[in-house]
Amino acid sequence: MTLPRFGFVSVHDRPLADGVSAEADWMASAAATGRATAHLWRGEPGLVVPRSCTRLPGWPAAARAHRVLVRASGGGVVPQGPGLLNLSLVWRAEAAVPRDTETIYHALCGELAGALARLGIAAAPQAVAGSFCDGRHNLAVAGRKLAGTAQSWRRIHGAPVVLAHALIIVDADPRELTSLANAFEHDLGSGRQYRAEVLTSVAHAGWHAQGRAPPPDLEARLCMALAERLAHVIPPREIAA
């Protein structure tokens, strides 16, 4: 199994208040219609955390102190907000039991790396110790994490559905992202802490590192590069609320 081709990519101009619920709705739609869909979106400022966080003693205090959304899948703490771009790919699978997950991760990282290459950035998958929500299928530039990826498999009304997700640091400040994640982990009492210096961004990797200012339409350029990698037909811009 690998990634399907998508008829178009929906670019959501307004930040989504609840990206977790939105992805659940997209998965339900794929189960009902059989149509693969792709979405590029930003979330409102806050954190998305795995359900395991809710079982820790510090959860009530951490949940009061931070804007938090809880997802059913595993992984770690993931910031949301300005300067961060989410890619959600949803399609109906042959079985709800995860299979060929490595192939999907390889294909997802390949499409992300191909889009970044169009912006002059060479990225490759690797684990990055000290980064939030670390995993073998991060996308890194010179050893510093630029994007993280994840998968979720569900059976919805009898239909197996796959969600492949990526979070890309476009021009958000790694120090602010890390500070937010660390504050939550501290309030949670998890004992986990992260390091800002192991992160990078599209803006830094492609422009700041060369002493140049990134273009004002950087996010739009990245969205177009991703859409052209993933879709059969690229409209000028598919707008969704």
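The values are calculated or read from the model by the stated rules, or taken from the named source; none is laboratory data. As the structure is a prediction and not an experimental result, all values here were calculated from the model. Virtual Cβ from ideal backbone geometry, glycine too; neighbours counted across all protein chains shown. Accessible surface is based on the protein model in full, side chains and every heavy atom, while ligands, DNA and RNA are left aside. Shrake-Rupley method; radii C 1.70, N 1.55, O 1.52, S 1.80 Å.
Listing for the model above:
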| read-out | value |
| --- | --- |
| Where a residue in region 116-130 is free of Cβ contacts under 8 Å to residues at least 12 places away in the same chain and over 14 Å from Gly206 (Cα atoms) and its partner, wherever it lies, is assigned to a loop (DSSP other than H, G, I, E, B) and open to solvent by 20 Å² or more (accessible area, probe 1.4 Å), with Cβ under 6 Å and at least six apart | Ala127/Asp134; Ala127/Arg136 |
| So Leu177, is it outside any helix (DSSP H, G or I), closer than 19 Å to Leu87 by Cβ, open to solvent by less than 70 Å² (accessible area, probe 1.4 Å) and among the aliphatic types (A, V, I, L, M) | no |
| Of the criteria (1) in a loop (DSSP other than H, G, I, E, B); (2) in contact with a helix residue (DSSP H, G or I) (Cβ under 9 Å, 6 or more places away or on another chain); (3) over 30 Å from Pro57 (Cβ atoms); (4) open to solvent by 70 Å² or more (accessible area, probe 1.4 Å), which one Pro216 fails | (2) |
| Scope region 149-173; condition closer than 24 Å to Thr37 by Cβ and not in a strand (DSSP E or B); matching residues | His157, Gly158, Val170 |
| Hits in region 149-164 - residues which are open to solvent by 20 Å² or more (accessible area, probe 1.4 Å) and either farther than 26 Å from Arg192 by Cα or out of contact with any Leu (no Cβ under 9 Å at 6 or more places or on another chain) (or both) | Trp153, Arg154, Arg155, Ile156, His157, Gly158 |
| Residue within region 92-108 that is of a type in the set (A, V, I, L, M, F, W, C), under 24 Å from Ser10 (Cα atoms) and surrounded by fewer than 14 Cβ atoms within 10 Å (Cβ to Cβ) present | no |
| Scan of region 180-213 for residues that are open to solvent by 70 Å² or more (accessible area, probe 1.4 Å) and of a type in the set (A, V, I, L, M, F, W, C), ordered by number | Ala213 |
| Tally of residues being assigned to a strand (DSSP E or B) and open to solvent by less than 30 Å² (accessible area, probe 1.4 Å) across region 126-148 | 7 |
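Residue by residue, here is whether (1) open to solvent by less than 30 Å² (accessible area, probe 1.4 Å); (2) farther than 23 Å from Leu188 by Cα; (3) in contact with a helix residue (DSSP H, G or I) (Cβ under 8 Å, 6 or more places away or on another chain) holds:
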site: Ser10; (1), (2), (3): yes, yes, no
site: Pro15; (1), (2), (3): no, yes, no
site: Ala24; (1), (2), (3): no, yes, no
site: Ala30; (1), (2), (3): yes, yes, no
site: Ser52; (1), (2), (3): no, no, no
